[in-house]
1. Which one of Glu355, Glu373, Glu405 is assigned by TED's automatic domain parsing to the domain that holds Ile189, among the charged types (D, E, K, R), in a helix (DSSP H, G or I) and more than 16 Å from ligand 2 (Cβ to nearest atom)?
2. Any residue in the range 360-370 that is surrounded by fewer than 19 Cβ atoms within 10 Å (Cβ to Cβ) and touching a residue at least 60 places away in the same chain (Cβ under 8 Å)?
3. What number of residues within the range 318-331 are among the β-branched types (Val, Ile, Thr) and within 16 Å of ligand 1 (Cβ to nearest atom)?
4. In this structure, is Met332 in contact (Cβ under 8 Å) with a residue 12 or more places away in the chain and within 16 Å of ligand 2 (Cβ to nearest atom)?
5. Identify the residue in the range 44-89 that is within 14 Å of Glu12 (Cα to Cα) and aromatic (Phe, Trp, Tyr) and, among all such residues, is surrounded by the fewest Cβ atoms within 10 Å (Cβ to Cβ).
6. Residues of the range 8-32 being of a type in the set (A, V, I, L, M) and either within 28 Å of the chain's Cα centre (by Cα) or in a helix (DSSP H, G or I) (or both), which ones?
7. I need the full set of residues from the range 408-421 which are surrounded by 11 or more Cβ atoms within 10 Å (Cβ to Cβ) and either in the same structural domain as Lys349 (by TED's automatic domain parsing) or over 30 Å from His368 (Cβ atoms) (or both), in order please.
8. Out of everything in the range 176-199 that is surrounded by fewer than 23 Cβ atoms within 10 Å (Cβ to Cβ) and within 18 Å of Thr152 (Cβ to Cβ), what residue ends up being farthest from ligand 2 (Cβ to nearest atom)?
Amino acid sequence: MAKTAFLSIGAEFIHGGHLAIIEKAAALGELTVGVLSDEAIMSYRGYPILTFEERCNVIRHIKGVSKVVKKDSLSYEKVIRELRPDYVVHSDRWRGKTKEKIEALLQQYGGELVEFPYTDKSEYEVFDRQAEQLRYMPEVRRGKLRRALQLTDRPLRVLEAHNGITGLIVEKAHVEKEGEIRQFDAMWISSLCDSTAKGKPDIELVDMTSRENTINEIMEVTTKPIILDGDTGGITEHFVYRVKTLERMGVSAIIIEDKVGLKKNSLFGTEVLQQQDSIEHFSNKIRAGKAAQTTRDFMIIARIESLILEQGMDDALTRAFAYVEAGADGIMIHSKKKEPDEVLEFCRKFREKCERIPLIVVPTTYNHVTETELGKYGVNIIIYANHLIRSAFPAMNNVAHMILENERSLEASENCMPIKEILTLI
Ligand code: SPV
Ligand code: MG
């Protein structure tokens, strides 16, 4: 019987290096190429620029490829068990424990792992770097949130970033679970954290120019989609300019809340005076923003403060449907209750009438609810809104106090990252 070979590929960007490895693989036997699914690519390097169908189409037309299958995970387990190829072909670039795992699977039936050098031409390394740079470009970055929402049924996981280093944490943090890589899908540039990082209250005091500087600082070192906390959006006449600026920068979405006057942080609830906007006025702001938008990628998400301001479920739902009618690309429902009940009730009732509009939640106070449970209620985006700054502040404060206590830094050093590590971090 003819020998068979298997090769896995992302196929986002094909150059001679890939063609050479395909040719070598095809020489070993009838070649099946496993093209990574959008979800699988998302799990390790962010959203693919080309769709799965486009990537399959390219591979299918390469000489030597007999068959194309979907590889819906980074793990080789399923494909090896199903296809039992005589050879699994891989470049000499390995991630984690993949090599050992493939070898163990192949050993079970006498299959063989064949390694080829990734490339023998340095120009291909240059192409790869250039392709990587594309991910930083506003045109590519802006549409990533919409794409991600289309690509997956699970809720997207979003963490706050307020400067370059926290952006890098959101970009790179990952854990390996059951053969899959789990990461954050996007970053939230919170008004609370951006203000706190500047030592200021969260009252729209940090002006837009300064917020744009934060966004740029983060964008320079990351590629994941950005959701901006736009506070109230300002007056409508200003908001329309803001939308265009953010689009141009490559931000994926702005969330604006239906409040007017001096904005205070929602987690104060009714402890401080906060005024909700009228449905009509806020709807007009959304309409104006959507009319100002120049691309189809950007999203304007309406945030409803009715539960925060104890205006009741009916008010929250009436507003949600009105904002959708006005053109909102998503609805964020906020709550400061310790239990998720009112948020879940809102989601259930909203979903009874509206299936397609993304729902966004911020489980800061009701933090025991799981992502899976929120997903069952139709939630599409979960924002962990303030956790990096809240964890960094106590650590820094503690070190400052230790130096004062001891009149030297020896004792505090144990709580600090070694100098060598910080120098090589970036
Ligand atoms: C923020 O992160 O700034 C928010 C969410 O707006 S909250 O602080 O909960 O109001
Ligand atoms: Mg905010």
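1. So the residue among Glu355, Glu373, Glu405 that is assigned by TED's automatic domain parsing to the domain that holds Ile189, among the charged types (D, E, K, R), in a helix (DSSP H, G or I) and more than 16 Å from ligand 2 (Cβ to nearest atom) is Glu373.
2. Taking every residue of the range 360-370 in turn, at least one turns out to be surrounded by fewer than 19 Cβ atoms within 10 Å (Cβ to Cβ) and touching a residue at least 60 places away in the same chain (Cβ under 8 Å).
3. Result for the range 318-331: 1.
4. yes
5. Result: Tyr44.
6. Selection gives Ile9, Ala11, Ile14, Leu19, Ala20, Ile21, Ile22, Ala25, Ala26, Ala27, Leu28.
7. Ser409, Glu411, Ala412, Ser413, Cys416
8. Only one residue tops the list, namely Gly179.
The values are calculated or read from the model by the stated rules, or taken from the named source; none is laboratory data. In this text, all values refer to a predicted model and were calculated from it rather than measured experimentally. Please note: Cβ atoms are built from the backbone with ideal geometry, for glycine as well, and neighbour counts cover all protein chains shown.
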